[in-house]
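J.: Once you've had a glance at the structure underneath, I'll fire off some questions.
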Amino acid sequence: MKLKEFPNSTLIYIQMLWENKYTQKGIIFSLIVVGVHLLLFPNYIMSVPILLIGLVIILFFYLAFKFYSENWMQIENFSSKLFIHSFVFRSLSIVGMYALTYIYQPENLPLEIGASDAWNYHSSGQLVANTLKNDGDIFRALTGFWKNETDYGFSIYVGIIYYFIGPSVLVIKVCNAIIGSFTAVRIYQIGKEVYSEKKARLAGILAMIFPTLLWFTAMLLKETILIFLLVNIAYYIISLTNKPQKGLIYAVLILLNLLPLYYFRVFLIPLVVISIAFHALFYQAKSMQNKLIIRVVSIFVFLIISLLANQLGMVDNFIKTADQASSAFSSELAASAMQRGLNYKVALVTPFLLISAIITPFPSLIHFDDNQLGIYMHFQNELVRNFMYFFVFLGVYHIIKNRKRQAAYILVFCIGYILILAISGVSFQDRFQVLALPFLILFIPEGLERYSLKKSNNLNIYLFFIFIAILSWNLFKLSLRQLL
């Protein structure tokens, strides 16, 4: 196999991991899934403009990934090009979201379709800005707006921007585009710490064009900045274990990105701490000195977090959140069954919720009432994830099998987060799933490499079962409402 010398002396395989057949299969799979639903449920066809836009986005993803994976493996200044292209695509997604909102829910402008949470963030951001102008206490002001401190973070972020430039929703979304573009670069940098240059580039390209990440960039929601904080933490942790001599600097940077999580989603802090502990435990240092430095820094981070958690009352808040999450799954199923006159023991939604926590939300492809608009309008995001997660599973399997300990943090964080979704019963909400996506993307290049070497038909088998699951899910939604 030929190799080419790269300017920074990194050797890159010329063989492409993303083959043309994957592009073809991804497009054909999506068309078959959509086509079958159109044929089986002609009375419940989704809005045609949304259907066409979704198909265009799917074509864009697969064709763009093919183009970039073929042409960007050897270019110079990869990071800067990755940022610029990421920003362009995210800016286009903002324009597209404005267009959709103008067509379907113009009353929600300048926000997006189904923007109930976004309106709250916009209003609370204005509250923070006004409080700052009057030299008031923003935490006291937010106490009267939000029930929980875990909602303060994004409101403060929005409010600070509104304080300086005025209440402009567009500026917040442009900031999302910038932050999301930096996130794509950071994922590439994590890939370089864990894999080869080629696989790192593939991960960065995926983060640049993945429909779900572009989708949330165009919304006034906290997920984009929250993902950025989480990805930063992962980068500094992995960099610390690879460069323990900079342990103190990385420890400070970890804390600076970790502590704000309390005001975004409190349960992420203990998850990150547990992931750090596992990473430090399993990581194979090159020397005893490096191992000692890594463990000392890890203990230092843990002690600082514990001290602050005690001072700020985070422990009690986390216990309260965990108690609420433990009963949410059963409550959600029971409420759903009661509303539809079903027996909870035979409600078919149970396995769907559990499976989706592992795979991803299955796309809704039918329109039976106007409330479904905000659900099926992002069907393309789920279809792309359904297909690409095959390579995620394969990558995870081989990382565990080959004991690639440098990926320990990413693996533990993903598994822990997915377990939390399964327990809390919110695994069908793409907004919750998206936090794990950037980390799962990092497993795709590994899965692609292993699958290209294996040459099996496992992908076809996987797609068959995913097709059955998607069809069954949409049939189930209709049957619950006695529309079949």
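The values are calculated or read from the model by the stated rules, or taken from the named source; none is laboratory data. Here the structure is a predicted model, which means the values were calculated and not measured. Positions of Cβ are backbone-derived with ideal geometry, glycine not excepted, and every protein chain shown enters the neighbour counts. With ligands, DNA and RNA removed, areas are computed over all heavy atoms of the protein, side chains included. Shrake-Rupley method; radii C 1.70, N 1.55, O 1.52, S 1.80 Å.
J.: So if each residue of separation counts as 0.36 nm, and I subtract the Cα-Cα distance between Q429 and F67, what length gain in nm does that give? Intermediate results must be reported in sequence, preceding the final value.
T.: Values: separation 362, 0.36 × 362 = 130.32 nm, distance 3.10 nm.
Extra length from Q429 to F67 when fully extended: 127.2 nm.
J.: Which ³J(HN,Hα) values in Hz, rounded to whole numbers, follow from the phi angles of region 80-91 under the Karplus curve 6.51 cos²θ - 1.76 cosθ + 1.60, where θ = phi - 60° and Gly and Pro get x?
T.: Residue by residue, region 80-91 yields 5, 5, 4, 5, 5, 5, 4, 5, 4, 5, 6, 5 Hz.
J.: Further, regarding this structure: Determine the alpha carbon to alpha carbon distance for each of K199/K404; K21/K199; K81/K199; K66/K404; K243/K404 and list only those over 22 Å. It would help to have the intermediate numbers written out before the result.
T.: Values: K199/K404 14 Å; K21/K199 19 Å; K81/K199 17 Å; K66/K404 27 Å; K243/K404 17 Å.
The answer is K66/K404.
J.: Of F264, F368, F464, which has the most accessible area with a 1.4 Å probe, and how do the rest follow in descending order? Could the numbers behind the result be given before it?
T.: Values: F264 15, F368 40, F464 120 Å².
Result, largest first: F464, F368, F264.
J.: If you take the beta carbon distance between D370 and I415 as r and set R0 to 41 Å, what does 1/(1 + (r/R0)^6) give as a FRET efficiency, to the nearest 0.05? Please list the in-between numbers first.
T.: Numbers: r = 38 Å, r/R0 = 0.92.
Here the calculated transfer efficiency is 0.60.
J.: Given a 1.4 Å probe and the protein chains all in place, what does the accessible area of D117 round to, in Å² to the nearest 10?
T.: The accessible area of D117 comes to roughly 70 Å².
J.: For region 115-132, just list the computed ³J(HN,Hα) in residue order, Karplus coefficients 6.51, -1.76 and 1.60, θ = phi - 60°, integers in Hz, with x standing in for Gly and Pro.
T.: Computed from phi, the couplings for region 115-132 are 8, 5, 5, 5, 4, 5, 5, 5, 5, 5, x, 5, 4, 4, 4, 5, 5, 5 Hz.
J.: Assign one of three labels to region 44-153, namely rounded, prolate or oblate, based on the Cα gyration tensor with a ≥ b ≥ c the square roots of its eigenvalues; rounded applies when a/c is under 1.5, prolate when it is not and a/b is larger than b/c, and oblate otherwise.
T.: Working: a/c = 3.23, a/b = 1.56, b/c = 2.07.
Note, shape of region 44-153 comes out oblate.
J.: With all protein chains present and a 1.4 Å probe, how do E149, E107, E449 order by accessible area, largest first? Numbers along the way, then the final one.
T.: Working: E149 70, E107 130, E449 40 Å².
Most to least solvent-accessible, the answer reads E107, E149, E449.
J.: Is region 378-481 best put as rounded, prolate or oblate by its Cα gyration tensor, with a ≥ b ≥ c the root eigenvalues, rounded for a/c under 1.5, and otherwise prolate when a/b is larger than b/c, oblate when not?
T.: Values: a/c = 2.43, a/b = 1.34, b/c = 1.82.
It comes out oblate by the Cα gyration axes.
J.: What does the accessible area per residue of region 79-143 come to in Å², with a 1.4 Å probe and no ligands, DNA or RNA counted?
T.: I get 51 Å² per residue for region 79-143.
J.: Still on this structure: Could you give the length gained on full extension between L92 and Q245, defined as 0.36 nm per residue of separation minus the Cα-Cα distance, in nm?
T.: Values: separation 153, 0.36 × 153 = 55.08 nm, distance 4.19 nm.
Result: 50.9 nm gained on full extension.
J.: Using modelled amide H (1.01 Å from N, peptide plane; none on Pro or chain starts), what sits under 5 Å from the amide H of L17, excluding residues fewer than 5 places away?
T.: Counting only residues 5 or more places away or on other chains, the set is empty.
J.: Report P(r) for region 110-205: all Cα-Cα distances, bin width 10 Å, range 0 to the bin holding the largest distance, values in whole percent.
T.: Computed distribution, short to long bins: 16, 35, 23, 19, 8, 0.
J.: Can I ask one more? What is the Cα centroid distance between region 207-279 and region 128-148, reported in whole angstrom?
T.: Result: 26 Å between the Cα centres.
J.: At 1.4 Å probe size, what's the solvent-accessible area of T241? Round to the nearest 10 Å².
T.: Answer for T241: close to 10 Å² accessible.
J.: Could you order H37, H398 so the one with the most accessible surface comes first? Probe is 1.4 Å.
T.: Working: H37 5, H398 25 Å².
Ranking H37, H398 by accessible area, largest first, yields H398, H37.
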